[in-house]
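See below for the structure under consideration.
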Amino acid sequence: MLSEDKFKTMASYKISVVIENSANYISEKLFDSISSGAITIYVGPKIEKYGLNENCAIQCKPNARAIIK
């Protein structure tokens, strides 16, 4: 599905799963999810390493079982 306004589209979901492409940086995907108001399930580098509050997302290990749990 192509969205003309990703923020409007994301705001209609209660949960957002963000999986980073690299373990070395945080992309805009995390910030987009947090700003949408959805519960953010995050797979990527430790967010507190980048000065963010660890409670802004639920951080999971990079495997399907951890994400589902």
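The values are calculated or read from the model by the stated rules, or taken from the named source; none is laboratory data. Quantities reported herein were computed from a predicted structural model and do not represent experimental measurements. Note that we place each Cβ from the backbone using ideal geometry, even for glycine, and neighbour counts take in every protein chain shown. Accessible surface is based on the protein model in full, side chains and every heavy atom, while ligands, DNA and RNA are left aside. Shrake-Rupley method; radii C 1.70, N 1.55, O 1.52, S 1.80 Å.
Taken about its Cα centre, the chain carries a charge dipole of about 320 debye when Lys and Arg each add +1 at the Cβ and Asp and Glu each add -1 at the Cβ.
Here's the picture: charge each Lys and Arg Cβ at +1 and each Asp and Glu Cβ at -1 in the chain, and of GLY51, ILE26, ILE41 the one pushed furthest to the positive end of that dipole is ILE41. Nonpolar atom fraction for the chain, defined as the carbon and sulfur part of the 1.4 Å probe accessible area, stands at 57 percent.
Residues of the chain: accessible area per residue at 1.4 Å, in Å²? Write down the numbers at each step before the final one.
Values: 5240 Å² over 69 residues.
Accessible area per residue: 76 Å².
Taking 0.36 nm per residue of separation and subtracting the Cα-Cα distance, full extension of the segment from GLU28 to LYS69 would add 12.3 nm. Distant-in-sequence amide contacts of GLN59, defined by a placed amide H-H separation under 5 Å and a gap of 5 or more residues or a different chain, comprise TYR42. In this structure, the amide hydrogen of VAL17, modeled 1.01 Å from its nitrogen in the peptide plane, lies closer than 5 angstrom to those of ILE41, counting only residues at least 5 positions away or on a different chain. Roughly speaking, what % of Cα-Cα pairs in the chain are separated by over 19 Å, rounded to a whole number? Of all Cα-Cα pairs in the chain, 31 percent lie more than 19 Å apart.
Projecting label points 7 angstrom from Cα along Cα→Cβ for LEU52 and LYS6 puts them 1.3 nm apart.
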